[in-house]
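*Asks:* One structure, pasted below without further comment.
The values are calculated or read from the model by the stated rules, or taken from the named source; none is laboratory data. Only a predicted model underlies this, so the values are computations on that prediction, with no experimental measurement involved. Here Cβ is always computed from backbone atoms with ideal geometry, including for glycine, and neighbour counts include all displayed protein chains. Surface areas here come from the heavy atoms of the whole protein model, side chains and all, with no ligands, DNA or RNA. Shrake-Rupley method; radii C 1.70, N 1.55, O 1.52, S 1.80 Å.
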Amino acid sequence: MKNLAYLNKFFYKYRWRLLPGIIFVIISNLFAVLPAKVIRIAFDLVNENISTFRLFNGFERQDMLNEVFNYSLLLFGGAVLMLALLRGIFLFFMRQTIILMSRHIEYDLKNEIYNHYQQLSMAFYRRNNTGDLMNRVTEDVSRVRMYIGPAIMYTINTIVLFLLIIWAMVSVNLKLAIFSLLPLPILAITIYYVNTMINLRSEKIQQQLSNLSSFVQETFSGIRVIKAYVREDDMRKKFAVESENYKSNSMALVQVQALFFPIMLLLVGLSTIITVYIGGIEVINGTITSGNIAEFIIYVTQLTFPITSLGWVTSLIQRAAASQKRINEFLNTQPEVVSKSDNPEKIIGGIEFKNVSFTYPDTGIKAIQNISFKVQPGEFVAIIGRTGSGKSTIANLLLRMYDIDSGEITVDGKELNSLNLSSYRSQVGFVPQEVFLFSETIRNNIAFGLDTLSPGKVEEAAKSAAVYQNIMNFEKGFETYIGERGITLSGGQKQRVSIARAIIKEPKILIFDDCLSAVDTKTEEEILSNMSSVMSNKTTILIAHRVSTINNADRILVIDNGKITEQGTHDDLMKRKGAYFELYEKQLLEEQEV
Ligand SMILES: Nc1ncnc2c1ncn2[C@@H]1O[C@H](COP(=O)(O)OP(=O)(O)OP(=O)(O)O)[C@@H](O)[C@H]1O
Ligand SMILES: [Mg+2]
């Protein structure tokens, strides 16, 4: 319950829905209890007058009496119907207020969680898996909503109905009241246990279902590999095993579910029998009328649903509390990388790394050790090095995806940590090594980083990235959809769309992380020559594997094992005859072989 206290702020926010809701619950229950009384009166009327009626057997008066009798019964019937109608109307209002409130709160909570997600840093995303993150916004919030809506509504409903009925019963006959209520606590407890069991088993099924769907999903995404390696039969067998698991879990659930109604009917039946038996004795004693028995039977039946819902509601609340606990844990996670300044600043683009070291927090891999280098505004610096040497890490650090362990990174002489993060990042164009494009049109993908779009800009960026002609060859040009719903771009096309997305921002700093690996040398040259105008008076950091990509750079940093081993221009490094020279020779040989 402590965890659910978090939601109280929402109850306060929507108090003008909650309060009327509670009033509607009370009123609807008043109308629910009254019919039993009307029926009791009708019952007693019949009972008392039946002998009078018989007395006039054979007389004309009997017909008249019959008419009066029928008329009054009709009236009582009408009254019961009327009360049911009124109850229905207030039940409608109750749902309209409380359940609507729960939907509003669900919406608010989802937005709150989503906003928090966006603030959290990369390290958080590495620690948590995607399925888990998605579950919080969907599954967990739905469970919490079950508490805010149905659970609260039924709890209030049960309490009010209970008080009203018990009061009505006790005011008629205390002894009968106690006896007929006797089996109900047993009902509540049993239903609670059955419900917990149902929930446990449902949970297992849910888990199994998600295993099953991720299995199927992986099959679909890996279908090319599966077919190429002729693993269809093997996959089918694995699927059958997963399916079997799901089936046996489902059957276990059905077993418990089947218990639910028999138990309920049994205990309610018991209650009714006791009512009739004890009630009969009381009628014989003359303390109550037979109409009272009818009244009591109606009360007992009316209590059945609230009592069963009590068990259901308890488990709803327990699940909601568990979900809210997960949500709270996550909402309390503070982003590691925080912006320390509120005022946006324009940057020029000078970068300096001073003795920077960095270890990935989740894996403990020392990716960067004591690196120092300086990039003047407008300079073109290339980084080259073996795979796993720490090149992408430098790019990550420059974007401040992570905070460094020691040393200092400065931009225009100011410490990176002291800059306004979003303003800084918006002035950096980044082409990540692993291209990610959204399932959107090509135009929207390229314009992704812009708030407003002036005409012709997307085309211009596409031309600079040497992808314009490719796009125009598609039937719908820039309006072509990419991804699941649309076409699949080739690796090189994707990389170039990703480049266009970075340069359209006209950033002060451009970071290209190995973004030409999937294009051929000719296209690479085209991009680089197009780019020279884009890159003019922008600081450019180009990470590459091929020497041919970078020999025009103002300066080249050679990285190995997280350290800078050599730096200088192409010519300098060639003269040194070190690692760079070796790399060059090797790649030259490879090219000649091709
Ligand atoms: N997000 C991460 N979390 C933990 N460790 C990481 C992460 N990214 C990279 N590493 C590790 O840090 C080291 C440097 O990786 P990095 O990606 O910087 O290499 P790279 O030079 O870009 O390699 P490549 O040329 O293959 O892209 C590697 O040992 C890698 O396993
Ligand atoms: Mg890399």
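*Asks:* Work out, in µm²/s and without decimals, the Stokes-Einstein translational diffusion coefficient of region 4-331 at 4 °C, 1.567 mPa s, Rh from Kirkwood over C-alpha pairs.
*Replies:* 53
*Asks:* Turning to a different aspect of this structure: I'd like the distance between the alpha-carbon centres of region 363-379 and region 190-213, rounded to an integer number of Å.
*Replies:* Result: 51 Å between the Cα centres.
*Asks:* Quick check for me: using +1 on Lys/Arg Cβ and -1 on Asp/Glu Cβ, what's the dipole size of the chain about its Cα centre, in debye to the nearest 20?
*Replies:* Roughly 1180 debye for the chain.
*Asks:* Which residue, Ser214, Ser490, Ile543, has the largest displacement toward the positive end of the dipole of the chain when charges sit on each Cβ (Lys, Arg +1; Asp, Glu -1)?
*Replies:* The listed residue farthest towards the positive side: Ser214.
*Asks:* All other residues with a Cβ under 11 Å from the Cβ of Ile99 taken together, and with Lys, Arg as +1 and Asp, Glu as -1, what is their net charge?
*Replies:* On the way: positive: Arg17, Arg95, Arg103, Arg145; negative: Glu106.
Cβ neighbours under 11 Å give a net charge of +3.
*Asks:* Mind putting together the pair-distance distribution for region 185-227? All Cα pairs, 5 Å bins, whole percent per bin, short to long.
*Replies:* P(r) for region 185-227, in whole percents per bin: 6, 20, 13, 13, 10, 10, 8, 7, 6, 4, 3, 1, 0.
*Asks:* Could you estimate the translational diffusion coefficient of region 197-280 from the Stokes-Einstein equation, with Rh from the Kirkwood formula over C-alpha pairs, at 10 °C and 1.306 mPa s, in whole µm²/s?
*Replies:* Values: Rh = 16.2 Å.
The calculation lands on 98 µm²/s.
*Asks:* If R₀ is 22 angstrom, what is the calculated FRET efficiency for the pair Tyr117 and Phe436, using the beta carbon separation as r and rounding to 0.05?
*Replies:* 0.85
*Asks:* Short version: what are the Cα gyration tensor semi-axes of region 463-570, square root of 5 times each eigenvalue, largest first, in whole Å?
*Replies:* Listed largest to smallest, the semi-axes of region 463-570 are 28, 15, 13 Å.
*Asks:* For Cα pairs less than 8 Å apart in space and 6+ apart in sequence, what is the mean separation divided by the residue count of region 507-548, i.e. the relative contact order in percent?
*Replies:* Computed over region 507-548, the figure is 69 percent.
*Asks:* If you roll a 1.4 angstrom probe over the protein chains with everything in place, what fraction of the accessible area of region 88-153 belongs to carbon and sulfur, to the nearest %?
*Replies:* Summing carbon and sulfur atoms, their accessible area is 56 percent of the total for region 88-153.
*Asks:* Using a 1.4 Å probe, what is the accessible area per residue for region 352-426, in Å²?
*Replies:* Here the residues of region 352-426 average 40 Å² of exposed surface.
*Asks:* Please list, in chain and number order, the residues 5+ apart from Ile556 or on another chain whose amide H is under 5 Å from its amide H, with Hs placed from the backbone.
*Replies:* Those lying under 5 Å, H to H, from Ile556 are Ala382, Gly568, Thr569.
*Asks:* A further question follows. Can you tell which of Thr523, Gly407, Ser121 lies farthest toward the positive end of the dipole of the chain, using +1 and -1 charges on the Cβ of basic and acidic side chains (Lys, Arg; Asp, Glu)?
*Replies:* Ser121
*Asks:* I've got another one for you. Over region 4-331, what is the relative contact order in whole percent, taking alpha-carbon pairs under 8 Å and six or more residues apart? Numbers along the way, then the final one.
*Replies:* Details: 290 pairs, mean separation 103.0, N = 328.
Dividing the mean separation by the residue count of region 4-331 yields 31 percent.
*Asks:* Check each of the trypsin sites (Lys or Arg not before Pro) in region 481-590 and keep only those in coil by DSSP with at most 13 other C-beta atoms within 10 angstrom; list them in order.
*Replies:* Hits after loop and neighbour filter: Arg485, Lys577.
*Asks:* For region 3-109, what relative contact order do you get, as a whole percent, if you take Cα pairs closer than 8 Å and at least 6 residues apart?
*Replies:* 53
*Asks:* For region 217-272, which chymotrypsin sites (Phe, Trp or Tyr not before Pro) pass both filters: DSSP loop (anything but H, G, I, E, B) and at most 13 other C-beta atoms within 10 Å?
*Replies:* Details: sites: Phe220, Tyr229, Phe239, Tyr246, Phe260; in loops: Tyr229.
Those satisfying the criteria are Tyr229.
*Asks:* Sticking with this one: Give, rounded to the nearest 20 debye, the magnitude of the charge dipole that region 397-498 has about its Cα centre when Lys and Arg contribute +1 at Cβ and Asp and Glu contribute -1 at Cβ. Show your work: numbers first, answer last.
*Replies:* On the way: 10 positive and 13 negative charges, 72 e Å.
So the magnitude is around 340 debye.
*Asks:* Additional query: By DSSP, what percent of the beta bridges with both residues in the chain are antiparallel, rounded to the nearest 5?
*Replies:* Of the beta bridges lying entirely in the chain, close to 50 percent run antiparallel.
*Asks:* Give me the dipole magnitude in Debye, nearest 20, for region 212-358 about the Cα centre, with unit charges on the beta carbon: positive for Lys and Arg, negative for Asp and Glu.
*Replies:* 500
*Asks:* Another question, then. So, for region 4-331, what is the accessible surface per residue at a probe of 1.4 Å, expressed in square angstrom?
*Replies:* It amounts to 57 Å² per residue over region 4-331.
*Asks:* Taking the chain as the region of interest, what is the percent of Cα-Cα pairs per 20 angstrom bin, listed from the shortest bin to the one with the maximum distance?
*Replies:* Histogram of Cα-Cα distances, whole percents per bin: 14, 32, 25, 16, 9, 3, 0.
*Asks:* Only helical DSSP H runs with n ≥ 4 go in: add -39500 (n - 2.57) per run for the chain, normalise by residue count and round the 222 nm mean residue ellipticity to 500 deg cm²/dmol.
*Replies:* Working: 23 runs with 376 residues, N = 594.
-21000 deg cm²/dmol, from helical runs alone.
*Asks:* To the nearest Å, what is the center-to-center distance of region 468-514 and region 47-110, using C-alpha atoms only?
*Replies:* With region 468-514 and region 47-110 each reduced to a Cα centre, they are spaced 70 Å.
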